Amino acid sequence: MTQTVTTSQDITSRPAAATRPPFWRQFGDRKSWLAVLLLVSPALILFVTFVLWPLFNAFLFSFYKWNGYGPLQDFVGLENYAKVVDHRAFPLALRNTVIIAVASLLLQLPLALWVALALYQKAWFVSIFRTIFFLPYMLGEVAAGLIWKFVYDGNYGLLPTIGDALHTEMPFVLADRAWVIPAIIIVIVWKYFGFHMMIYIAGLQSIPSEVVEAARLDGVSKWKIMWFIKIPMLRSSIIISVFFAIVGSLQLFDIILPLTGGGPGNASHTLVSFLYYFGILRMKIGFGGAMSVILFILCVGVTIIYRRLLFTKAEA
Amino acid sequence: MARTKRKLTIVGSKPEISPFQWGTIIFITLFILVPFYSTALGGFKSNGELRVNPFGFPASWDTSNFELILGGDTFFRFMWNSLFIALLTVVLTVIVAAMAAFALSHIRFYGRNYLTSLFMLGLLFPFATAILPLFITIRDMGILDNPTAVILPQVAFNLAFSMLLFRSFFQELPIELIEAARMDRCGYLRIFWYIVLPLSLPILTTVGVFAFVTSWNNFLLPLIMLNDEKAFPWPLGIMQFQGQYNTDWPKVLAFLTLTILPALVFFLAAQRYIISGLTGGAVKG
Amino acid sequence: MWVSQETKDAIGTAGISAFSRDGHLYGIARDVGEVVLWYNKALFKKAGVDPESMKTWDGFTAGIKTFQDAGITPIALGGKDKWPAHFWWAKMVVRLAGETEFDKAASGEASFTDKPFVDAAQKLYDLGQMKPFQQGFEAATYGDASGMFGDGNAAMHLMGDWDYTVMKDSSADKKGFPDEDLGILPFPTVPGGAGDPTDTLGGLSGWLFSKNASDEAVKFMEWYNTDVALQQEFAAGAYYIPIAKGAADTMTNPFKQQVAEDINKAHWHALFFDQALGPDVGGVFNDMSAELAAGTISPEDAAAELQAAAEDAR
């Protein structure tokens with residue numbers, strides 16, 4: 001989970017630019033320009049070479065049929081996009097991504113909020129629980145995937161033993177089309193629930209204590225305080241957490257690969273594992289480019305909606 | 001981050017946790033810890049014992065799996081590769097992002113806002129979207145199988161978020177300090193090095209820890225860029241190890257335990273910075 | 001690249017054609033591999049299945065039923081890796097389509113949607129419908145399946161000759177079951193198939209030469225690959241099965257001997273389809289094989305997907 005976001009308004013803020021003199025009078029001496037050049041160019045070069053240029057290329061490649069070697073000359077228009085959408089595994093990958101996103105929202109976030117409400121105040125045992133819940137988040141995705149591959153293993157794992165204890169035969173969940181997605185959702189809750197909890201705890205801790213105290217003195221019940229004071233004041237935390245859950249689902253890959261590799265069949269592919277198996281591994285650059293662009297549009301769409309939501313709050 | 005910490009106020013005097021919440025907390029604690037616990041113990045068992053007794057202590061503490069792994073050099077090579085990549089990523093991310101963020105927040109020059117917006121584009125999408133053309137770029141540069149093939153893109157994709165954290169920190173530095181230095185005809189580079197950096201230790205640590213954690217756990221990028229086993233960081237190494245030993249779970253679990261342990265110790269120590277880095281924006285918003 | 005006629009003779013047509021494109025030779029083959037149907041004699045005895053009865057497809061399917069009635073997993077399959085499943089479809093194509101039809105379809109003269117390919121897919125689909133593979137085979141890797149067979153938990157495993165060592169390494173005790181219980185079954189024949197019963201499926205590896213390779217380098221490899229005495233040493237050590245004629249004679253391992261014999265007799269030694277068709281079409285072949293085994297695609301659709309990929313790659 002390396003997606004990074006912010007809620008501050010740096011992109012749009014231009015502090016008092018209008019009141020300043022024109023640029024050639026603002027420290028426009030040669031020395032400043034040299035300093036700017038020295039300070040900014042490493043970042044700019046890296047950013048252009050490894051972020052913007054590949055992104056531009058993804059768009060470019062998506063209109064060509066290309067195997068990665070030789071000149072780019074076989075222009076095919078939108079054919080690659082049609083191929084992605086028509087691919088047998090694409091509807092599954094899209095469906096799984098949506099299911100995982102929705103399940104994270106409906107399961108993980110309420111759970112995280114519920115626990116955060118219990119654990120946001122200070123006490124010695126509270127920080128122990130917080131650390132335990134945050135532990136899986138700090139674990140590498142591959143390690144988490146392998147640990148759960150063991151848990152689910154139908155021959156040697158924990159699940160068949162639990163089944164034995166209950167006198168029922170457990171399915172081989174990772175080989176079962178009906179069970180594989182629920183199984184992955186459980187791993188995701190295990191891995192990321194603590195992260196969402198931390199976001200809510202940070203939000204809850206910034207609620208002014210006077211507000212809650214005043215309500216309490218007025219005899220407002222605990223449930224009402226939770227529903228009508230705390231949760232509404234967590235609006236931005238909730239938006240952030242929803243955003244992370246959705247973008248996290250859009251880019252889910254590191255857990256899928258060790259756990260199922262997209263299987264059984266194509267039953268557990270996500271958008272990124274689809275891109276990896278059918279675009280990158282087979283060196284179908286145009287196809288992969290089209291998939292990248294689709295992923296990019298989805299991510300940017302989600303990010304823009306997220307910013308809108310946060311800014312309306314900020315301006316209100 | 002010390003600044004935001006001070007803002008946090010504690011609501012109520014004692015935590016009020018209902019029995020139902022206690023139940024949830026206990027259940028989740030078990031849910032989270034049991035996989036860790038069985039992984040740690042599993043390395044000491046035989047496959048046969050694992051099947052009948054995955055939860056209990058091993059009948060005899062068989063350390064041969066750990067000896068096998070620690071006796072060979074692959075495990076240490078994987079860990080060293082990860083460490084090397086992570087450290088270089090941290091150093092480059094911190095230096096490059098801090099320099100640019102300083103220029104963008106304290107030097108007024110034409111195009112500054114456009115440049116800032118350009119960098120902030122990086123916040124819009126994860127690197128998975130650009131991984132395929134990135135592979136072509138790296139291949140054409142001829143640095144596949146080289147650690148730089150992972151380090152440079154990681155630094156580039158860290159820039160947006162790191163610069164954002166740096167910028168909001170730098171903007172709150174006392175402006176008088178910098179203007180006074182300017183009056184003394186002190187150049188921007190000297191200001192950056194002698195005034196800004198020493199004052200920015202908390203944010204440098206936050207960005208550094210953040211870059212370290214993401215690099216340490218990164219999987220997709222090395223998976224695409226590195227084919228040579230000698231260059232593998234641990235996530236690729238452990239996948240290969242698992243592929244080699246398949247259902248010899250005790251070995252795989254022992255390997256998992258050994259890779260997880262040092263990382264967890266470090267992450268627990270640095271937890272504060274990880275949380276402040278990831279929720280930094282949230283707290284401010 | 002020029003090599004002597006003697007070298008060509010020693011290596012044999014299979015070894016030469018695999019490294020040729022448009023009449024040019026680009027390398028020299030060193031060793032061969034074959035996909036064989038490994039079986040566990042002890043389990044056959046336990047279930048009361050006569051290996052001889054498995055030579056035809058009807059006998060084979062009847063045998064699978066007997067195993068299932070005896071509570072024994074008939075076939076181990078590493079479905080997650082997909083390429084082990086491809087052996088089943090490919091073996092059927094070798095049986096039903098034969099060399100000429102396959103070459104035509106691969107080069108575009110004919111289609112993979114033609115009858116022999118669909119029929120071959122149907123066979124794998126029907127086999128999958130009998131549920132002969134171990135529970136959870138779709139999540140099992142090649143190594144999992146190999147270990148399962150090595151542990152004596154499945155009666156058969158369609159796999160390359162290299163599995164001889166892998167099945168032992170992957171087994172729980174690192175030894176596997178004893179060699180006297182291990183055997184190789186001929187892949188069942190299908191009546192009416194265009195393929196020759198001797199045709200084999202497998203691999204071929206060797207050295208490719210770059211454009212600038214010196215004559216000395218080529219000479220050295222000619223000698224290295226065809227020097228019977230040298231290659232006999234490699235063979236005796238069971239490192240690999242050398243391609244040079246006569247070199248395999250010293251192999252003491254009976255299984256490797258049988259494979260060398262098979263390939264020597266083969267009219268057509270088909271290269272693994274996922275390699276022969278290239279990473280893209282070959283990948284689709286693997287995907288479709290795994291889906292056929294799981295019964296999630298119809299044979300017609302699988303063939304159509306393969307044909308679409310082949311046309312796309314052209």
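The values are calculated or read from the model by the stated rules, or taken from the named source; none is laboratory data. Note that the structure is a prediction, hence the values are computed from the model and not measured. Note that we place each Cβ from the backbone using ideal geometry, even for glycine, and neighbour counts take in every protein chain shown.
Of the listed requirements (1) under 30 Å from A:Ile305 (Cβ atoms); (2) more than 7 Å from every other protein chain (Cβ to nearest Cβ), B:Ala97 misses just one: (2).
Residues of region A:282-316 that are at the interface with chain B (Cβ under 10 Å from one of its Cβ atoms) and not in a helix (DSSP H, G or I): A:Met283, A:Lys284.
When restricted to residues that are within 23 Å of B:Lys251 (Cα to Cα), part of a loop (DSSP other than H, G, I, E, B) and in contact with a strand residue (DSSP E or B) (Cβ under 7 Å, 6 or more places away or on another chain), region C:130-168 contains 2. For region B:234-254, filtered to residues that are of a type in the set (Val, Ile, Thr) and within 14 Å of chain C (Cβ to nearest Cβ), the residue that is nearest to A:Met198 (Cα to Cα) is B:Val252. Of the numbered criteria (1) among the β-branched types (Val, Ile, Thr); (2) touching a helix residue (DSSP H, G or I) at 6+ places or on another chain (Cβ under 6 Å); (3) not in a helix (DSSP H, G or I), the one C:Val36 fails is (2).
Considering region B:174-195, the residues that are in contact with a helix residue (DSSP H, G or I) (Cβ under 6 Å, 6 or more places away or on another chain) and within 11 Å of another protein chain (Cβ to nearest Cβ) include one that is surrounded by the fewest Cβ atoms within 10 Å (Cβ to Cβ), namely B:Leu189. Examine region B:116-124 for a residue that is at the interface with chain A (Cβ under 7 Å from one of its Cβ atoms), assigned to a loop (DSSP other than H, G, I, E, B) and over 26 Å from A:Gln251 (Cα atoms), and state whether such a residue exists. No, every residue in region B:116-124 fails to be at the interface with chain A (Cβ under 7 Å from one of its Cβ atoms), assigned to a loop (DSSP other than H, G, I, E, B) and over 26 Å from A:Gln251 (Cα atoms). When only residues in region A:167-182 that are within 11 Å of another protein chain (Cβ to nearest Cβ) and surrounded by fewer than 22 Cβ atoms within 10 Å (Cβ to Cβ) count, which is nearest to A:Pro136 (Cα to Cα)? Only one residue fits best here, namely A:Trp179. In the set C:Asp312, C:Asp262, C:Asp287, only one residue is of a type in the set (D, E, K, R), within 14 Å of the chain's Cα centre (by Cα) and outside any strand (DSSP E or B); that residue is C:Asp262. Residues of region A:90-104 that are surrounded by 19 or more Cβ atoms within 10 Å (Cβ to Cβ) and within 13 Å of A:Met291 (Cα to Cα): A:Phe90, A:Ala93. Screening B:Arg139 against (1) touching a residue at least 60 places away in the same chain (Cβ under 8 Å); (2) farther than 25 Å from B:Ser168 by Cα; (3) more than 7 Å from chain A (Cβ to nearest Cβ) leaves a single unmet condition, (1). Residues of region C:169-186 include at least one that is touching a strand residue (DSSP E or B) at 6+ places or on another chain (Cβ under 7 Å), of a type in the set (Asp, Glu), surrounded by fewer than 18 Cβ atoms within 10 Å (Cβ to Cβ) and in contact (Cβ under 8 Å) with a residue 60 or more places away in the chain. Return a yes/no flag: does region B:160-171 have any residue that is surrounded by fewer than 16 Cβ atoms within 10 Å (Cβ to Cβ) and either more than 18 Å from B:Thr93 (Cα to Cα) or touching an Asp or Glu at 6+ places or on another chain (Cβ under 6 Å) (or both). Within region B:160-171, one or more residues are surrounded by fewer than 16 Cβ atoms within 10 Å (Cβ to Cβ) and either more than 18 Å from B:Thr93 (Cα to Cα) or touching an Asp or Glu at 6+ places or on another chain (Cβ under 6 Å) (or both). Only one of the numbered conditions (1) surrounded by fewer than 23 Cβ atoms within 10 Å (Cβ to Cβ); (2) at pLDDT 90 or above is not met by B:Ser215, and that is (1). Hey, among the residues in region B:100-115 that are within 24 Å of the chain's Cα centre (by Cα) and at the interface with chain A (Cβ under 7 Å from one of its Cβ atoms), which one's farthest from B:Leu197 (Cα to Cα)? Here the residue is B:Ala100.
Could you say which residue among C:Ala244, C:Ala248, C:Ala303 is crowded, with 20+ Cβ neighbours inside 10 Å, in a helix (DSSP H, G or I) and at pLDDT below 65? The unique qualifying residue is C:Ala248.
Let's see how each residue does on (1) in a helix (DSSP H, G or I); (2) without any contact (Cβ under 8 Å) to a residue 24 or more places away in the chain; (3) under 30 Å from B:Leu221 (Cα atoms):
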| position | (1), (2), (3) |
| --- | --- |
| A:Lys122 | no, yes, no |
| A:Val126 | yes, yes, no |
| A:Ala143 | yes, yes, yes |
| A:Ile147 | yes, yes, yes |
| A:Phe150 | yes, yes, yes |
| A:Tyr156 | no, yes, no |
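Considering every residue within region A:200-210, establish whether at least one is closer than 19 Å to A:Leu135 by Cβ and touching a residue at least 40 places away in the same chain (Cβ under 8 Å). Within region A:200-210, one or more residues are closer than 19 Å to A:Leu135 by Cβ and touching a residue at least 40 places away in the same chain (Cβ under 8 Å). Taking A:Val142 as the residue in question, decide whether it is within 14 Å of chain C (Cβ to nearest Cβ) and either surrounded by 15 or more Cβ atoms within 10 Å (Cβ to Cβ) or not small (Gly, Ala, Ser) (or both). In short, no.
Here's the yes/no breakdown for (1) among the aromatic types (Phe, Trp, Tyr); (2) at pLDDT 95 or above; (3) in a loop (DSSP other than H, G, I, E, B):
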site: B:Arg6; (1), (2), (3): no, no, no
site: B:Ser13; (1), (2), (3): no, no, yes
site: B:Thr29; (1), (2), (3): no, yes, no
site: B:Arg51; (1), (2), (3): no, no, no
site: B:Pro54; (1), (2), (3): no, no, yes
site: B:Phe57; (1), (2), (3): yes, no, yes
site: B:Leu68; (1), (2), (3): no, no, no
site: B:Ile85; (1), (2), (3): no, yes, no
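Of the numbered conditions (1) within 11 Å of another protein chain (Cβ to nearest Cβ); (2) closer than 22 Å to B:Gly237 by Cα; (3) within 21 Å of the chain's Cα centre (by Cα), B:Phe78 fails exactly one; give the number of that condition. Unmet condition: (1). For beta carbons closer than 6 Å, sequence separation of 6+ or different chains, a first residue in region A:58-71 that is at positive phi and a second that is crowded, with 18+ Cβ neighbours inside 10 Å and not in a loop (DSSP other than H, G, I, E, B), the qualifying pairs are A:Gly68/A:Ile285. Evaluating A:Ile186 against the criteria (1) at pLDDT below 90; (2) not in a loop (DSSP other than H, G, I, E, B) leaves one unmet condition, (1). Answer yes or no as to whether B:Thr279 is more than 7 Å from chain A (Cβ to nearest Cβ) and either at pLDDT below 85 or surrounded by 20 or more Cβ atoms within 10 Å (Cβ to Cβ) (or both). Criteria not met by B:Thr279.
With respect to (1) among the aliphatic types (A, V, I, L, M); (2) at pLDDT 90 or above; (3) touching a helix residue (DSSP H, G or I) at 6+ places or on another chain (Cβ under 7 Å), the lone exception for B:Met120 is condition (2).
For region A:211-259, filtered to residues that are small (Gly, Ala, Ser) and crowded, with 19+ Cβ neighbours inside 10 Å, the residue that is farthest from the other protein chains (Cβ to nearest Cβ) is A:Ala245. In the set (1) more than 11 Å from chain A (Cβ to nearest Cβ); (2) crowded, with 20+ Cβ neighbours inside 10 Å, the condition left unmet by B:Thr257 is number (1).
Residue count for region C:267-278 satisfying the condition of being within 14 Å of another protein chain (Cβ to nearest Cβ) and more than 16 Å from C:Ala308 (Cβ to Cβ): 2.
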